[in-house]
Amino acid sequence: MTQQETITVAIFDKDYQISCPANEVQALRDSAFYLDQKMREIKSSGSVLGLDRLAVMAALNITNDFLAADRGNQSAQASLEAQSHSLEGSTLKVDQLIDALKAAGA
């Protein structure tokens, strides 16, 4: 079982104590830093007031970024699968040509 560790992270000048597996501490720190930066970015635009609204807008922006990246990954995976299928077809044709050449030379 993974040992839990409690750390303090600062998000928008407020400290939060959060427990997580010891091997995920740096990922949690990085996530908190990223969220803090997103909230500051939204605040600097001047269009959102209030911590709750800032947090919701940051969550929406981060989710949108994640979903866009996921769609890109799915597209790349589909492209790789199509290329793999094409290569398999080409390999089959090469194998058939080799067999035909061997048969003709025998």
Full extension between L101 and S31 adds, at 0.36 nm per residue less the Cα distance, a length in nm of 19.2 nm
For E5, residues with placed amide H under 5 Å, excluding near neighbours: C20, A22
Between S45 and I62, with labels modelled 7 Å along Cα→Cβ, what's the label distance in nm to one decimal, could you check? 1.6 nm
Strictly greater than 25 Å: what percent of every Cα pair in the chain meets that? 54 percent
Please give the Cα centre distance for the stretch 21-98 versus the stretch 1-19, rounded to the nearest Å. 24 Å
Angle, helix 51-105 long axis vs. longest principal axis of the chain, Cα atoms, 0 to 90°, nearest 10? 10 degrees
Taking Cα pairs under 8 Å and at least six residues apart, what relative contact order does the stretch 4-105 come out at, in percent? 15 percent
How much mean residue ellipticity at 222 nm does the chain get from its helices, if each DSSP H run of length 4 or more adds -39500 (n - 2.57) and you divide by all residues, to the nearest 500 deg cm²/dmol? -26500 deg cm²/dmol
Give, in nm to one decimal, the length gained when the segment between T8 and H85 is fully stretched (0.36 nm per residue of separation minus the Cα-Cα distance). 22.8 nm
Taking the 0 to 90 degree range and rounding to the nearest ten, how far is the long axis of helix 25-45 tilted relative to the main principal axis of the chain, both from C-alpha atoms? 70 degrees
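The numbers here are math on the coordinates, done by the rules we state, and not lab data. Note that the structure is a prediction, hence the values are computed from the model and not measured. Every residue, glycine among them, receives a Cβ derived from its backbone with ideal geometry; neighbour counts consider all protein chains shown.
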